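Q: Just dropping this structure here.
The values are calculated or read from the model by the stated rules, or taken from the named source; none is laboratory data. All values derive from a computational prediction rather than experimental measurement. Note: ideal-geometry Cβ built from the backbone for every residue, glycine included; neighbour counts use all protein chains shown. Surface accessibility is based on the protein's heavy atoms, side chains included, excluding ligands, DNA and RNA. Shrake-Rupley method; radii C 1.70, N 1.55, O 1.52, S 1.80 Å.
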Amino acid sequence: LLNINVGGKLFQIACKVLARYPITRLGKLALYTDPVKKLQLCDDYLVQKNEYFFDRDPSIFHYIFHFYRSGVLWVMDEMCPSNFVEEIEYWGIHLKYSQRCCRILFEEKQDELSEYLKIEKELEAELEPLESGRQFDGKFLGRFRKIVWNLIENPYSSVPAKIIAVMSSFFVLISIVGMTLSTVEEMKNKTGKKWMEQMEMICAIFFTSEYLMRLISASSFKNFLRAAFNAIDLVAILPFYIQILFENLDDGDMQYHEELHKVENVSKLGKVLKLIKLMRIFRILKLARHSTGLRAFSFTIRQCYQQVCCLLLFIAMGVFTFSALIHSVEHDVPGTDFTSIPCAWWWAAVSLSTVGYGDTVPDTILGRMVAFVCISFGIILNGMPISILYNKFSDYYAKLKAHEMSQ
């Protein structure tokens, strides 16, 4: 018999039983004759009692002990997957020796734990700016940059930082309201345009100052450019300066400049200016910087992109299938709108989404039956991901809020 002491508990196993598994740690211990090699396999050796000591968990070794006696590795649900894998790897036993039912459940639990740890790591990365104050230590003007960084990035650090965060959200709303009012016919007069331009200039100056303060206080310029929120800030201020650049071309070519102004509404330059002005709508994404709900929603979409892609795939399949069916049963009807399958795509998309505008409807009984099946399929399809997305959103929102409160 081989006397094995695991964490203070004594086990006795026959050497011939251990020799059946020569690649395991205890199998090698039973087969080796060189005392030096045996001592390399254990943590200590008690000469008086002839015991090999292992500083491992005795509760898990019960399952290892049972494996040597029966040849089957049992896996219990209450055990931590990571700890159990670490233990059996130490003893040199592979998970293939366990029963298939236990192995399937254990691997599922292991995958759940890995997914949970991955999400926790990404959640911490989502809030990484709140913890990066220590990165300024030992850097040029580190103290000053840290103060500026706390004012801009961490609204919980002080009252002025909270005021700046509120002002940032306020200017975002003012900018969006201004862009909206600029499209109203009553505001297109000279006075209205002047007010809108002044409001836009004030917002642009604030956003530019905010962006420059972030750039100056950044501990790493490379990481600053990679950050998604900083890219949003840049997109929010670029349209203002690009518009100024286009509207104030070189005065040396006045004839060309006047020509551009004459055809601005129909020229390519005019279309570019309209597109640039429209880019100001992205400023509303700046609210996500100080909104836990928006950050949780963005994180939920990123984590559930596979489910969202599957949903879009099913919608696309439904659109192609039901548009083909409705065209096949309606194309012979005089005055029908389903003259081709592409013409039926809009009807299928509206019906699957259960919106039902009613601008295109089938006229035959068979066509209405196809429409009923299409709408029923849309109800089932739209109801599938709601619970998954909502549960994950609630979970991520609670975790993000807890992380912020802990800071």
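Q: Please give the length that would be gained between T180 and R143 if that part of the chain were fully extended, namely 0.36 nm times their separation in residues minus their C-alpha to C-alpha distance (nm, one decimal). Show your work: numbers first, answer last.
A: Numbers: separation 37, 0.36 × 37 = 13.32 nm, distance 4.14 nm.
Fully extending the segment from T180 to R143 adds 9.2 nm.
Q: Find the accessible area per residue for the chain; the probe is 1.4 Å, ligands and nucleic acids are left out, and the unit is Å². Write down the numbers at each step before the final one.
A: Numbers: 25060 Å² over 407 residues.
So the chain comes to 62 Å² accessible per residue, rounded to a whole number.
Q: Further question on the same structure: About the Cα centre of the stretch 2-125, what is the dipole size in debye to 20, counting +1 per Lys and Arg Cβ and -1 per Asp and Glu Cβ, all else neutral?
A: Details: 16 positive and 19 negative charges, 211 e Å.
Here the stretch 2-125 has a charge dipole of around 1020 debye.
Q: 7 Å from Cα along Cα→Cβ at both S82 and T354: what's the point-to-point distance in nm?
A: 4.1
Q: Roll a 1.4 angstrom probe over the protein heavy atoms and tell me the percent of accessible area of the chain that is carbon or sulfur.
A: Result for the chain: 64 percent of the exposed heavy-atom area is carbon or sulfur.
Q: Further question on the same structure: Taking the Cα centre of the chain as the origin, how large is its charge dipole in debye, to the nearest 20, when only Lys and Arg (+1) and Asp and Glu (-1) carry charge on their Cβ atoms?
A: Numbers: 44 positive and 44 negative charges, 240 e Å.
Computed about the Cα centre, the dipole is about 1160 debye.
Q: What longest range of the chain stays clear of loop-exposed trypsin sites (Lys or Arg not before Pro) (DSSP non-H/G/I/E/B, at most 12 other C-beta within 10 angstrom)? Mind showing how you got there, number by number?
A: Details: sites that count: R20, K49, K139, K188.
Maximal segment without exposed cleavage sites: 189-407.
Q: Need the full-extension length gain, L31 to Y305, defined as separation in residues times 0.36 nm minus the C-alpha distance. One decimal, nm. Write out the running numbers ahead of the final one.
A: Details: separation 274, 0.36 × 274 = 98.64 nm, distance 5.31 nm.
That works out to 93.3 nm of additional length.
Q: State, to one decimal in nm², a quarter of the convex hull surface area for the C-alpha atoms of the chain, i.e. the direction-averaged projected area.
A: Values: hull surface 146.2 nm².
The Cα convex hull of the chain, projected and averaged over all directions, gives 36.6 nm².
Q: Evaluated at 20 °C with a viscosity of 1.002 mPa s, what Stokes-Einstein diffusion coefficient in µm²/s does the stretch 92-237 have when Rh comes from the Kirkwood expression over alpha-carbon pairs? Provide the component values of the computation, followed by the final result.
A: Details: Rh = 19.3 Å.
Roughly 111 µm²/s, to the nearest whole number.
Q: I'd like the distance separating the alpha-carbon centroids of the stretch 298-371 and the stretch 36-78, in whole Å.
A: Each part's Cα centre sits 64 Å from the other's.
Q: Taking the Cβ-Cβ separation of C102 and A19 as r and a Förster radius of 30 Å, what is the calculated FRET efficiency to the nearest 0.05? Spell out each step's value before the answer.
A: Numbers: r = 26 Å, r/R0 = 0.85.
Efficiency, rounded to the nearest 0.05: 0.70.
Q: I need the helices of the chain that pass two filters: whole DSSP H segments spanning 20 Å or more by Cα along the axis, and mean Kyte-Doolittle score no lower than -1.0. All intermediate terms of the calculation are to be shown ahead of the outcome.
A: On the way: long enough: 100-126 (38 Å, -0.89); 159-181 (33 Å, 2.02); 190-217 (40 Å, 0.10); 228-247 (29 Å, 1.52); 305-330 (37 Å, 1.46); 365-406 (62 Å, 0.70).
In the chain, the long hydrophobic H runs are 100-126, 159-181, 190-217, 228-247, 305-330, 365-406.
Q: Need the list of lysines near K28 for cross-linking: C-alpha distance under 30 angstrom, and skip anything on the same chain fewer than eight residues off.
A: List returned: K9, K16, K37, K38, K49, K96.
Q: Quickly work out the I375-to-M201 label distance, labels modelled 7 Å from Cα along the C-beta direction, and quote it in nm with one decimal.
A: If labels sit at M201 and I375, their model points lie 5.6 nm apart.
Q: Report the residues of the stretch 6-27 in range of a label on H62: point 7 Å along Cα→C-beta, backbone N strictly under 18 Å from it.
A: 6-13
Q: Distance from a point 7 Å along Cα→Cβ of V235 to each backbone N in the stretch 143-184: keep the residues under 15 Å and list them by number.
A: Inside the label zone: nothing.
Q: Moving to a separate point now. In nm, give the distance between the simple-model label positions of N223 and T292, each being 7 Å from the Cα along the Cα-to-Cβ direction.
A: Calculated label separation equals 2.3 nm.
Q: Tally Lys and Arg at +1 and Asp and Glu at -1 over the other residues with C-beta under 14 Å from the C-beta of F338: what net charge comes out?
A: Numbers: positive: R368; negative: E330, D332, D337, D359, D363.
Surrounding charge for F338 is -4.
Q: Given a Förster distance of 30 Å, report the FRET efficiency between L10 and L113 from their Cβ-Cβ distance, rounded to the nearest 0.05.
A: Numbers: r = 32 Å, r/R0 = 1.08.
The computed FRET efficiency comes out at 0.40.
Q: When the solvent-accessible surface of protein heavy atoms is calculated with a 1.4 angstrom probe, in what order do I379, I174, I13 fall, highest first? Walk me through the numbers before you get to the answer.
A: On the way: I379 105, I174 50, I13 5 Å².
Accessible-area ranking of I379, I174, I13, largest first: I379, I174, I13.
Q: If R0 is 41 Å, what FRET efficiency do you get for K188 and E120 from their C-beta distance, rounded to 0.05? Display every interim value, and only then the final one.
A: On the way: r = 52 Å, r/R0 = 1.27.
Calculated value: 0.20.
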